[in-house]
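S.K.: Please read through the structure below; I'll follow up with questions.
Here, each number is a calculation from the coordinates, and none is a lab measurement. As the structure is a prediction and not an experimental result, all values here were calculated from the model. Positions of Cβ are backbone-derived with ideal geometry, glycine not excepted, and every protein chain shown enters the neighbour counts.
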Amino acid sequence: MGFVPPPEWRDPEAIRAKQSELLPQAVRRAAQSPAYRKKFADAGLDPSSVRGLDDLRRLPLTTKEDLRREMPYGFLAVPLREVLRMHYSSGTTGIATAVYHTRGDLDRWAECCARGMQIVGAGPEDVFQNMMGYGLFTGGLGLHYAAERIGCMTIPAGSGNTARQVHLLRTFGVTVIHILPSYAARVLAYCREQGLDPAGDLALRTAHVGAEPHSEDTRRRIEQAFDIKVYNCFGLSEMQGPGVAMECEAQDGLHVWGDHFIVEILHPETLEPLPEGEEGELVLTTLTREAMPLLRYRTRDLTRLIPGICPCGLAHPRVARLTGRTDDMIIVKGVNIYPLQVEQVLMRVPEFGSNWQIVLETAGELDDMIVKVELRPGVGFDDMRELDALRQRVIQDLRAELLVTPKLQVLEPNALPIAEGKAQRVLDNREQPEPDEEAAGDKHGSG
Ligand code: DLL
């Protein structure tokens, strides 16, 4: 018998009522931390005056800067003896911040991830290989405990060592994996190099992918090559880690678990709430976290709320595939560009593999944008004119999408570096003043 979601998950009113009931408790718990006591005092807010969802907008916003300023323990809302674990969210340029978990927090985190696995059919019959980094990064441990909770035989493979990963996949008949989308491309390339058929030689059925931006075309590529279903999984260390929002069978947006988180989409500059369907900054409130509750946390991630009830019947609010981060945006020749726009164009080209990079250089007074992409293994050109025609076509598509004309370098397979964790898509070598702390942000390092 498969997983049957409880009836209240199908009722938007029941979810809103639950949020209204939990928010005042979350605010009172937050008020136990020195950081929120100060924030509430600054905002002139009496925490006991928060009665329900209608009071949400009276709460102050919380930013990554707040977390940094209050390191290490300013946002801790329980005595240290109640804390069982911490994770550390790395930044390539910013200062990392710590997130704390009580036993209850760890339990609910596992529950959130387990739901996402169960709604797409995972259970005790499955063999689950977790190919995300274990350690300070939340990707590994997050789904690990979820998979054990629902009875999967769990292989804590961790990240890297592709030969061993593929050996494990084959030997143990792995059916479900958790993997970075950029690493899935690497595993695929390795299978092909070894003469393996990624669809026929593996028992895989499902992949949960997340932790970095990726396009719909990237999803479809992984699905087709392995002959599996790929489900998007979103999360961030500050909220818990993976499992804040997960996709169902419909693959039409990610369900944010409404009994644990409140979603808002705000205009990134005016911070005004945006109507359903309009893209803006994702702002999240934790409803059940104990060690480090966060209220109206500005994630810097860009997405929109999807209106209406999902075809799967679940009423947990849905957000669309993330399109980037406010601090991901690069400005080239005065034009705003999100790296995912480049990926969208490149992944539509069947001759290209899945590894790519943007390199930015200073050329005199101007910026140079060089897009590097690898050829798919096995793809060759008899005539250099064919390759040149392909390059010209892709440059035109990039120009149409980005409104600037990049240079395009088409490289041999495996020519680009492979990241240990999340892929680093942009190398900015331009001469520029030191970025200020706010703009430096917390990029996608994995651990
Ligand atoms: O990446 C947690 C995670 C692990 C999520 C495994 C999913 C799977 P952080 O290292 O704190 O936590 O990075 C969080 O990564 O704010 C997004 O910018 C980005 N991100 C996470 N999931 C997705 C996704 C983990 N599915 C930051 N699509 C977030 C796009 C994602 N970006």
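S.K.: By Kyte-Doolittle mean hydropathy of at least -1.0 and Cα axial length of at least 15 Å, which whole DSSP H helices of the chain are selected?
M.R.: Correct list, ordered by number: 12-30, 103-118, 138-149, 181-193, 384-402.
S.K.: Could you check the spin-label model distance between R385 and A199? Points 7 Å from the Cα along Cα→Cβ, value in nm.
M.R.: If labels sit at R385 and A199, their model points lie 3.5 nm apart.
S.K.: Which ³J(HN,Hα) values, rounded to whole Hz and listed in residue order, are derived for region 352-359 from phi using the Karplus coefficients 6.51, -1.76 and 1.60 in 6.51 cos²θ - 1.76 cosθ + 1.60 with θ = phi - 60°, glycine and proline given as x?
M.R.: The phi angles translate into 8, x, 9, 9, 8, 7, 10, 10 Hz.
S.K.: Suppose the chain between E365 and E412 were pulled fully straight at 0.36 nm per residue; how much longer would it get relative to their current alpha carbon spacing?
M.R.: Full-extension gain reported as 13.8 nm.
S.K.: Would you grab the residues whose amide H sits under 5 Å from the one on W356? Only those 5+ places off in sequence or on another chain, please, with H modelled 1.01 Å from N.
M.R.: none
S.K.: Between E125 and E148, what is the spin-label point distance in nm, taking each point 7 Å from the Cα along the Cα→C-beta axis?
M.R.: So the two model labels end up 2.5 nm from each other.
S.K.: Give me the distance in nm between label points sitting 7 Å out from Cα along the Cα-to-Cβ direction at S48 and Q396, one decimal.
M.R.: Placing both labels 7 Å beyond Cα along the Cβ direction yields 7.0 nm.
S.K.: Same structure again: Quote to one decimal, in nm, the extra length available between D217 and E278 on full extension: 0.36 nm per residue of separation minus the C-alpha distance between them.
M.R.: Once the chain is fully extended between D217 and E278, it gains 19.8 nm.
S.K.: Please give the direction-averaged projected area of the C-alpha convex hull for region 60-131, in square nanometres with one decimal.
M.R.: Dividing the Cα hull surface by four gives the mean projection, 7.4 nm².
S.K.: Return the subset of K372/K422; K229/K333; K229/K422; K333/K372; K18/K39 for which the Cα-Cα distance in this structure is over 28 Å, preserving the input order.
M.R.: As for pairs spanning more than 28 Å Cα to Cα, those are K229/K333.
S.K.: Let me ask you something else. Name the shape class, rounded, prolate or oblate, that the alpha-carbon gyration tensor gives for the chain, where a ≥ b ≥ c are the square roots of its eigenvalues, rounded holds for a/c under 1.5, and otherwise prolate holds if a/b is larger than b/c and oblate otherwise.
M.R.: Judged from the Cα gyration tensor, the chain comes out oblate (a/c at least 1.5, b/c at or above a/b).
S.K.: Grab the Cα-Cα distance for Q224 and S20, subtract it from 0.36 nm times how many residues apart they are, and report the gain in nm with one decimal.
M.R.: That pair, Q224 and S20, stretches by 69.2 nm at full extension.
S.K.: Can you give me the C-alpha center-to-center distance between region 309-363 and region 1-80, rounded to a whole angstrom?
M.R.: 30 Å
S.K.: Region 317-405: which trypsin sites (Lys or Arg not before Pro) are DSSP loop and have at most 15 other beta-carbon atoms within 10 angstrom?
M.R.: Qualifying residues, ordered by number: K333, R348.
S.K.: Please list the non-local residues whose amide H lies under 5 Å from the amide H of A207, H modeled 1.01 Å from N, same-chain partners needing a gap of 5 or more.
M.R.: I177, K229, V230, Y231
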